[in-house]
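Participant: Input: one structure, supplied below.
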Amino acid sequence: MLYKNFATTEEIDAEYNLGQIVGDLAPFFDFYSSSSATARSDFSCSLDVRYGPTVEETLDIFPAADPNAPIVVFIHGGYWRRLSAKDFSFVARGLVPHGITVLVTDYALCPKVSLAEITRQSRAALAWAKTTKRKYNGDRERIYVAGHSAGAHQAARVLCTNWVEDYGLPADTVKACYAISGLYDLSPIRYAFVQQALQLNDELIQRESPLFNIPAAAAPLIADVGADESSEFRRQSADYIDAWQAAGLQGTYIEQARKHHFNVVDGFLDPDSALCERIVSMVSA
């Protein structure tokens, strides 16, 4: 067996190749792009703000009106190899009306960089949000992280950062995490269609799988997944929350009814959606 009860790469791709599962992905990506362009037109924003030294280390800021607004840093998906922050500006439409400042991050993609480098960049973005001298509406003591798909993996990696030892920042730099349709055990991905771009090996799988790096202490975590997603995507979130809770940490598993991997984030288009209400409740708590 390659992984658990999967004997072939075809069996693994049947669970993880979203083009096979959902069909033509272009309409979803086009919808993300057009909805995001409209959001950038409708909301005040500062684009391509640099948070690190490399070309891709930029983020887009959608400020709330309150200078002391809570901050949600959102990390985009794309299997670590496609899409950008500009495809997820629409996240601001659901959160900014609730008085939340939204930062959508960009990062370099595989195979240009390794998964470990993407994690470094995501952590650097959070450190920037906490320490930058740039003025933007947001309370640096109330920073939250969220993400979708590969971005949910990155949000989980950010949540497990040793902020004290690695950055000289408070241990509670990130107050909570909302991860949507994430990948937390990378073991099967080595045998999936994206391996050529990711070049996963034993060391990277062990290091970059959130499931294998549960911290002794961490902020609350919510793992949200679509009920119509593949059994493996649902299992990934459920197993991660089980491990999180087994370690004595606060974790919640949520399935969105009638949602698959790509429309599971549609709630960001409506401030009154159940998805936005859950994130607002997380931030309020």
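Participant: Looking at Ala124, Ala116, which is the one that is buried (at least 17 other Cβ atoms within 10 Å of the Cβ) and outside any loop (DSSP other than H, G, I, E, B)?
Facilitator: Result: Ala124 is the single residue among Ala124, Ala116 that is buried (at least 17 other Cβ atoms within 10 Å of the Cβ) and outside any loop (DSSP other than H, G, I, E, B).
Participant: Just wondering, is there one or more residues in region 155-177 that are at pLDDT 95 or above, of a type in the set (A, V, I, L, M) and either surrounded by fewer than 16 Cβ atoms within 10 Å (Cβ to Cβ) or more than 21 Å from Pro220 (Cα to Cα) (or both)?
Facilitator: Yes, that holds for at least one residue.
Participant: Kindly provide the set of residues from region 134-192 that are of a type in the set (Asp, Glu) and within 17 Å of Met282 (Cα to Cα), ordered by number.
Facilitator: The answer is Asp139, Glu141, Asp172.
Participant: Got a sec? Which of Asp106, Asp87 is buried (at least 21 other Cβ atoms within 10 Å of the Cβ), modelled with pLDDT of 95 or more and under 14 Å from Ala155 (Cα atoms)?
Facilitator: The unique qualifying residue is Asp106.
Participant: Looking at Pro27, Pro63, Pro70, which one is in contact with a Ser or Thr (Cβ under 6 Å, 6 or more places away or on another chain) and either closer than 30 Å to Tyr191 by Cα or crowded, with 20+ Cβ neighbours inside 10 Å (or both)?
Facilitator: Numbers: Pro27 fails: in contact with a Ser or Thr (Cβ under 6 Å, 6 or more places away or on another chain); Pro70 fails: in contact with a Ser or Thr (Cβ under 6 Å, 6 or more places away or on another chain).
That would be Pro63, the only listed residue that is in contact with a Ser or Thr (Cβ under 6 Å, 6 or more places away or on another chain) and either closer than 30 Å to Tyr191 by Cα or crowded, with 20+ Cβ neighbours inside 10 Å (or both).
Participant: Where residues in region 15-55 are aliphatic (A, V, I, L, M) and under 17 Å from Ser149 (Cα atoms), which of them is nearest to the chain's Cα centre (by Cα)? Give the steps one after another, and end with the answer.
Facilitator: Taking region 15-55 and keeping what is aliphatic (A, V, I, L, M), we get 18, 21-22, 25-26, 37, 39, 47, 49, 55.
The next check asks that each one be under 17 Å from Ser149 (Cα atoms); those that pass are 18, 21-22, 25-26.
On the way: Leu18: 17, Ile21: 21, Val22: 20, Leu25: 19, Ala26: 21 Å.
Only one residue tops the list, namely Leu18.
Participant: Residues to consider are Tyr191, Tyr253, Tyr240, Tyr184; find the one that is farther than 19 Å from Val145 by Cα, of a type outside the set (A, V, I, L, M, F, W, C) and surrounded by 17 or more Cβ atoms within 10 Å (Cβ to Cβ).
Facilitator: Being farther than 19 Å from Val145 by Cα, of a type outside the set (A, V, I, L, M, F, W, C) and surrounded by 17 or more Cβ atoms within 10 Å (Cβ to Cβ) holds for just one of Tyr191, Tyr253, Tyr240, Tyr184, which is Tyr191.
Participant: For region 152-166, give me the residue count where each residue is part of a loop (DSSP other than H, G, I, E, B) and either touching a strand residue (DSSP E or B) at 6+ places or on another chain (Cβ under 7 Å) or of a type outside the set (Ser, Thr, Tyr) (or both).
Facilitator: 2
Participant: I'm trying to understand the selection: among the residues of region 30-54, which are surrounded by 15 or more Cβ atoms within 10 Å (Cβ to Cβ), over 15 Å from Gln121 (Cα atoms) and in contact (Cβ under 8 Å) with a residue 12 or more places away in the chain?
Facilitator: Tyr32, Ser33, Ser35, Ser36, Ala39, Arg40, Phe43, Cys45
The values are calculated or read from the model by the stated rules, or taken from the named source; none is laboratory data. The shown structure was predicted, so the numbers you read here are calculated from the model rather than taken from an experiment. Ideal geometry is used to build each Cβ from the backbone, glycine not excepted, and the neighbour counts take in all protein chains shown.
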